[in-house]
Amino acid sequence: MKQFIQLIVSGVVLAVVVVVPVQSQDMEEPERGEIRDTEFIIRKDRVLSLPKQSRVFEKSPALPPVSTSTDYTYQVNDYFFPLAPVALETQPYQKPFPKPETDQTMGMAQLGFGNYSAPLFQLDLFPQPYEEAGYGLHLKHEGFYTGPVDGQNSAEDHTDVFLNGSLYKDIVEIFGKLGYQRDMYHFYGYTPQPENMVLADTIQQVFNTIHTQIGLRRIEKAEPFNYSASLSLRLFNDRYEAQESEALVKAAAGFRANDNLNGGIETELAFTSPSDVNYESINRNYFKLHPYVQYRQEGLDIKIGANVIHENDIVPNKLKEFYVLPVASVSYQLMPEFGIYGTYEGDVKRNTYYSFIRENPFLGPSEQLRNTIQNFQVDAGISGNANDLFNYRLGLKYGDFTNMHFYGNNAMDSTRFQLIYDNNTKVLEYHGNLNYSFDEIYQMDASLHFYQYTLDEIGIAWHRPEWEVRINNSFTPNERWTLYANLHALGGINAINLASDTERDLDPLLDLHLHANYAFSSRFSAFLKGNNLLNQPYERFNYYPVRTIQVIGGVGFKF
């Protein structure tokens, strides 16, 4: 019923809306701008409602694609004009580029003179290298034409001439060396007697050595694989009957798997032919192969390898010619201030007549040359760094050796020495090293060694020290001054004279060395050297006192 009433009311309202406009058209239109009285009735109780109607969800139809069949064609016409090209003549602009001035030099020279009639001359040339080559020249002569015993009878001099060069090809360097050494000494280990004059020429000793070498090596060391090889020839003789020739081949190859793991193999092959009063042209062959692998990570360093050696020396106590000796080392830095290390190594130390006279120039004829068999040597200790200033290392070594060599005054001539071998020698060594550096102004390097020998066939370690101390200091207060102060000390040396069968304890050796260099400019400087400034006529070898205070001064040039 209520809906029926609402429907009637809605119809009435609709009729009124339709009729009113129709009536207004029949009435006279009012004048423009006239306002007539009108009554508006607002009924709030009227409700207008419409029935619900469903929405239309149908999608709009897609329009058909627009297509065209029109083809566009373009016509290009070529037009040729008989015009010749413009010829332009150009020249490069020659801009001068002056060579920058640098402190790099092509050589240096030193001239000096001192007491004991001691001239000094040294020349080093190292010209600017070409893009694919470089070379250098070294000349040095230093003489002491009087000495501590009978003036000229204890004189000595040394001359070196070396020429070296390198040729660079892509990734390899081909290098070579040619040199000559002359060393003159006198056998002045006698007691001067006024009634018996000794002529200097009758006791003079001269060593002549020719060196040659050629080899190649990889230039880039950061590559995973590196290699090198060289061939060296050496000819040696003295003023008497000693001669020695040697051909030495060395080769090495290394690999780097990563930043922690690397390894390699090193080889050495030597053919040595010495001759002397007691033997003629014997052949001493030596071959060594050393493979190894190394691992490093966060303070840990481990290296494991072996020394595989064959040598053909014929000696009375020889048991074998082929050796396989292990090599191992490990170190671990617990903290920068403290770390531990340990090594174990077996080896065969190759000895030649040339290596012996470099150690003792007063050596005379010997019965035989022997290599030293290092059956094993163990080294263990601690090391570390303190405040980035001090580096220290303290350790203990113990080794077992066969055919270790010693020296004694010759049974036929006490002014010369001969080799003495021991069948089995055990050496206990205490050692320590200390390095100190301060702002590149002062550097110090010190070492201490103490030795204890247990011998088999001989009673005393003849001419080997019981202790040794080295202290080297360098001081650079400014750009002009460079100062060096070095101290070398040895003690506990026992000597034997096989001619008289007498023994002797040598006094401790204490040698203080000072060297000062002052640069007047970048090209010119002056120097002053002092040796054995404590004025000690010590004897490193029995009956051979050294020169006492010696001073050499001179100038240096760079060009």
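The values are calculated or read from the model by the stated rules, or taken from the named source; none is laboratory data. What you see is a predicted model; the values in this text were computed from it and never measured. Reconstructed Cβ throughout: ideal geometry from the backbone, glycine too, with neighbour counts over all protein chains shown. Calculation scope for accessible area: heavy atoms of the full protein, side chains included, ligands and nucleic acids excluded. Shrake-Rupley method; radii C 1.70, N 1.55, O 1.52, S 1.80 Å.
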Fully extended contour minus Cα-Cα distance, from Asp413 to Ser275, at 0.36 nm per residue: 47.7 nm
Rounded accessible area of Met106 (nearest 10 Å², 1.4 Å probe): 90
Candidates per chymotrypsin sites (Phe, Trp or Tyr not before Pro) in the range 98-181, loop by DSSP, up to 12 other Cβ within 10 Å: Tyr130
Summed side-chain charge close to Pro119 - residues other than Pro119 whose Cβ falls under 11 Å, Lys, Arg +1, Asp, Glu -1: -2
Given Lys250/Lys320; Lys140/Lys250; Lys250/Lys426; Lys303/Lys349; Lys349/Lys426; Lys288/Lys397, the pairs whose alpha carbons are separated by over 19 Å: Lys250/Lys320; Lys140/Lys250; Lys250/Lys426; Lys303/Lys349; Lys288/Lys397
Added length on full extension, which subtracts the Cα-Cα distance from 0.36 nm per residue, Thr202 to His513: 108.7 nm
Inter-label distance for Arg239 and Leu528, nm, one decimal - labels placed 7 Å from Cα along Cα-to-Cβ: 3.6
FRET efficiency, Ile265 to Asn473 (Cβ-Cβ, R0 35 Å, nearest 0.05): 0.30
Accessible area expressed per residue, the range 348-418, with surrounding protein chains retained (probe 1.4 Å, Å²): 40
The range 461-559, accessible area per residue, ligands and nucleic acids excluded (1.4 Å, Å²): 51
Surface share of carbon and sulfur [accessible, 1.4 angstrom probe, percent] for the range 399-492: 53
Accessible solvent surface per residue of the range 141-267, calculated while the other protein chains remain in place, 1.4 angstrom probe, Å²: 54
Charge context of Lys303, other residues only, Cβ under 11 angstrom, K/R +1, D/E -1: -1
GluC sites (Glu not before Pro) within the range 474-559: DSSP coil, no more than 15 neighbouring Cβ in 10 Å: Glu479
Percent carbon-and-sulfur accessible area, the range 138-179, ignoring ligands, DNA and RNA, probe 1.4 Å: 58
